[in-house]
Each structure stands twice: as structure tokens, then as C-alpha cells.
1. Sequence gap at least 6, Cα distance under 8 Å: using those rules, report the relative contact order of the stretch 39-116 to the nearest whole percent.
2. For the stretch 73-89 and the stretch 199-276, what is the separation of their C-alpha centers, rounded to whole Å?
3. I'd like the GluC sites (Glu not before Pro) in the stretch 130-184 restricted to DSSP loop residues with at most 10 other Cβ atoms within 10 Å, sorted by number.
4. Relative contact order, percent, of the chain when contacts are C-alpha pairs under 8 Å separated by at least 6 residues?
5. Dividing the Cα radius of gyration by the Kirkwood radius, what Rg/Rh value follows for the stretch 222-276?
6. For the chain, give the share of DSSP beta bridges that are antiparallel, in percent and rounded to the nearest 5; count only bridges with both residues there.
7. Tell me the relative contact order for the stretch 201-276 as a rounded percent, counting alpha carbon contacts under 8 Å between residues six or more apart.
8. Given N residues in the chain, what is Rg(Cα) / (2.2 N^0.38 Å)?
Amino acid sequence: MQNQDFDILKSTGEKVKFSLHKLRKSLQRSGADDKAIAYILDVVRDELYQGISTKEIYNRAFALLKKKKSVFASKYKLKKAIYELGPTGFPFERFVAAILKYSGYQVRVGQIIQGNCVSHEVDIVANKNDDYLLIECKFHGEEGRNCNVKVPLYIQSRFQDIKTLNKNKTTLKEGWVVTNTRFTKDAIQYGECMGLYLLSWDYPEKNSLKDRIDRLRLYPITVSTLLTNREKQFLLSRDVVLCKQLTGDVFYLDHLGISEQRKKKILNEIEMLCNE
């Protein structure tokens with residue numbers, strides 16, 4: 001049977017045809033070399049069956065990458081790692097704030113701002129050159145839950161309420177909605193129509209959340225294949241959301257009682273993620 005004849009099951013329950021090209025592209029983003037990618041594609045292709053889930057394909061490719069080099073597996077699991085920033089939305093907010101900070105913005109998290117009608121709690125306020133952004137983060141802890149048009153509708157109304165009161169005080173350039181999942185077509189259409197900036201896992205093209213993360217090498221601590229879930233949750237509870245925050249600072253790893261040998265491996269993995 002040809003590769004394109006295999007139906008695979010997405011997390012949403014939708015059936016699609018298996019794409020060798022898509023799998024190759026995701027493996028290339030991990031930084032793995034052509035030889036390793038060809039080997040993994042051959043193994044996964046040989047193990048395909050009708051109705052296999054995307055999760056099973058991912059898990060197999062991830063395991064094979066991890067055997068080759070842990071840093072490849074870390075980059076490959078980026079999407080899953082962002083889901084692991086939960087269960088609350090606070091670590092995701094801090095993660096988005098960190099991306100903006102390293103993009104040259106001054107950022108404040110969890111701000112109460114008075115609007116013309118009511119006061120609003122804004123997830124992130126970012127400013128650069130006296131232009132202010134009001135940013136709302138929508139975190140989902142499971143795949144398949146996309147942001148529909150109700151989300152940008154709600155955020156736009158809050159942005160306008162704040163803008164009305166503050167029009168002569170500060171330069172409110174844009175309202176943003178950032179999500180770790182995807183926007184529906186009507187959500188994107190509304191955002192474009194109203195001048196609301198939408199940022200998701202794969203939107204906008206070439207400047208999406210995943211593009212920004214790879215470009216800036218700002219990987220969440222949850223991408224690590226060497227830290228345990230307990231250790232990751234400990235770090236998140238202390239507002240350590242980026243791998244970069246551990247480079248040159250071993251305080252938290254020491255606090256966790258991690259052995260010198262294991263600490264060296266973890267720091268090496270993080271160093272490669274942040275600098276390769």
C-alpha cells in the first residue's frame with residue numbers, strides 16, 4: 001500500500017491522509033541531519049497502519065530522535081512542551097512575556113487597567129518606543145481546542161474600552177490575542193478586519209509562535225527530555241519558564257538536589273538548545 005493511502009487520526013478526531021512530507025518537515029525543524037531523518041522516516045513508514053493516530057506517529061518519531069540526540073528530541077517536542085506549561089495559564093503568559101522581552105519590549109504581567117466603562121485585568125502590557133500593546137493570552141492544555149471568533153470579539157471590546165479612556169494619555173498601538181493552539185478562519189478574518197493582532201502556534205505565516213521561538217531560541221523549560229515532570233513543575237512554580245534562564249545559573253538545579261553528573265547533562269542539553 002502506498003504511503004498516501006494510509007488514513008491517520010488527528011487529535012480532533014478528523015481523518016487525514018498520512019503525509020511523509022509533513023513528517024519530514026517537522027523532523028527537519030529538530031535540527032536532525034538528513035541521514036537520521038531518512039532512517040526515522042523509513043522506520044515510521046514501515047510501522048504505519050490504517051487509523052494510526054498522529055500521537056502514535058509523534059511518539060515513535062520522538063523516541064527515535066531521542067536515541068540519536070536528546071537536543072533533537074527536545075526541539076521536536078516543542079508543540080507538546082507548550083501544552084505542558086499548564087495546567088494554569090500563568091506560565092504561558094510569562095513565556096509569551098519573555099518572548100516579547102527578548103524582542104526588545106518592556107513588559108509587565110497581570111496589570112489592572114481602567115477602561116471607559118469598567119476596569120480590565122490585562123495579561124501582558126508591552127511597550128517599545130512609547131507604543132503600547134495590550135495582550136491577552138489564551139492557553140489550552142489539550143490539542144483540538146481552537147480559538148473561535150468569540151475570543152477576538154471579546155478582546156477587541158476590552159481594547160476599545162481601554163483605548164477610549166486612555167486616548168490622550170498613552171499610545172495604545174494594538175490589541176493582541178496569543179494562543180498556543182490555532183485560530184478558526186472566522187477568528188482570523190475578524191482580527192484582520194478590526195486590526196487586532198493574532199498570534200498562534202502557526203499564524204501568522206513565517207512569524208508565528210513556533211517561528212519566533214526557533215528564531216530567538218527561547219525554548220520553554222518543558223522541552224527538556226532530561227528533567228522530570230516534577231522538576232519542571234518546580235521550576236515553573238518559581239517563574240522559570242525558559243531554558244535560557246538556567247544557563248549560567250544552577251541555583252534551582254542545586255535546590256532540586258540534582259547530582260553533578262546529571263546536572264552537567266541537563267546544562268549541556270540546555271546550552272545546545274539556546275545556542276545551536
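The values are calculated or read from the model by the stated rules, or taken from the named source; none is laboratory data. All values derive from a computational prediction rather than experimental measurement. Glycine also receives a Cβ, built like all others from the backbone with ideal geometry; neighbour counts cover every protein chain displayed. Quick note on the areas: whole protein, heavy atoms, side chains included, nothing else; ligands and nucleic acids left out. Shrake-Rupley method; radii C 1.70, N 1.55, O 1.52, S 1.80 Å.
1. Values: 26 pairs, mean separation 11.8, N = 78.
Taking the mean separation of contacting Cα pairs over the length of the stretch 39-116, I get 15 percent.
2. 10 Å
3. On the way: sites: GLU136, GLU142, GLU143, GLU174; in loops: GLU142, GLU143.
Sparse-neighbourhood loop GluC sites (Glu not before Pro): GLU142.
4. On the way: 408 pairs, mean separation 41.1, N = 276.
The normalised contact order for the chain reaches 15 percent.
5. On the way: Rg = 10.1 Å, Rh = 11.2 Å.
Checking Rg against Rh, the ratio lands at 0.90.
6. Numbers: 18 of 32 bridges.
Once the DSSP bridges in the chain are tallied, antiparallel ones form about 55 percent.
7. Working: 53 pairs, mean separation 24.8, N = 76.
For the stretch 201-276, the relative contact order is 33 percent.
8. Numbers: Rg = 20.5 Å, N = 276, 2.2 N^0.38 = 18.6 Å.
So the chain has a normalised radius of gyration of 1.10.
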